[in-house]
Amino acid sequence: MKYQVEKSSDFMEWFKKQNRKTKAIVEARLDRIENDGHFGVTNRFDGLVELKWASGMRVYTFIHDQTVVVALYGGNKNGQDKDIKKAKKIREDFFIRQTRSLDE
């Protein structure tokens with residue numbers, strides 16, 4: 001299954017701060033998800049899909065309607081607890097916005 005990857009503004013803010021090599025690695029992974037449906041090494045919990053790299057880098061996503069992967073936020077293993085809390089909040093806000101747009 002192929003996916004459409006959307007990137008949150010919080011993710012883009014984090015992404016812009018990364019060096020060129022990190023950006024290339026993350027983009028390649030998101031491209032594989034979008035083109036091949038291959039997520040690589042992950043951990044799934046609490047509605048999130050954590051993309052993992054051996055370097056300790058993490059990108060938090062979730063799947064919506066089986067066709068869209070929303071990249072929420074990134075970080076590394078050292079700041080994992082804080083990053084997970086932020087990703088969960090961004091995901092919650094996404095669903096609130098979705099509900100509001102359906103009500104309008």
Among the residues of the stretch 1-21, how many are of a type in the set (V, I, T) and modelled with pLDDT of 95 or more?
0
Consider the stretch 10-39. How many of its residues are free of Cβ contacts under 8 Å to residues at least 12 places away in the same chain, closer than 18 Å to Y73 by Cβ and more than 11 Å from the chain's Cα centre (by Cα)?
6
Restricting attention to the stretch 63-78, report how many residues are within 16 Å of D31 (Cβ to Cβ) and touching a helix residue (DSSP H, G or I) at 6+ places or on another chain (Cβ under 6 Å).
3
Residue list for the stretch 42-62, restricted to those being within 17 Å of A28 (Cα to Cα) and either charged (D, E, K, R) or at pLDDT below 85 (or both)
E50, K52, R58
So D83 passes all but one of these: (1) closer than 20 Å to S9 by Cβ; (2) assigned to a strand (DSSP E or B); (3) free of Cβ contacts under 8 Å to residues at least 60 places away in the same chain. Which condition number does it fail?
(2)
Listing of strands (runs of 3 or more DSSP E) fully contained in the stretch 1-67 that carry 2 or more residues being surrounded by 12 or more Cβ atoms within 10 Å (Cβ to Cβ) and not basic (K, R)
4-7, 48-52, 57-64
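The values are calculated or read from the model by the stated rules, or taken from the named source; none is laboratory data. These numbers were taken from a predicted model, which means no experiment stands behind them. All Cβ positions, even for glycine, are placed from backbone atoms using ideal geometry, and neighbour counts span all protein chains on display.
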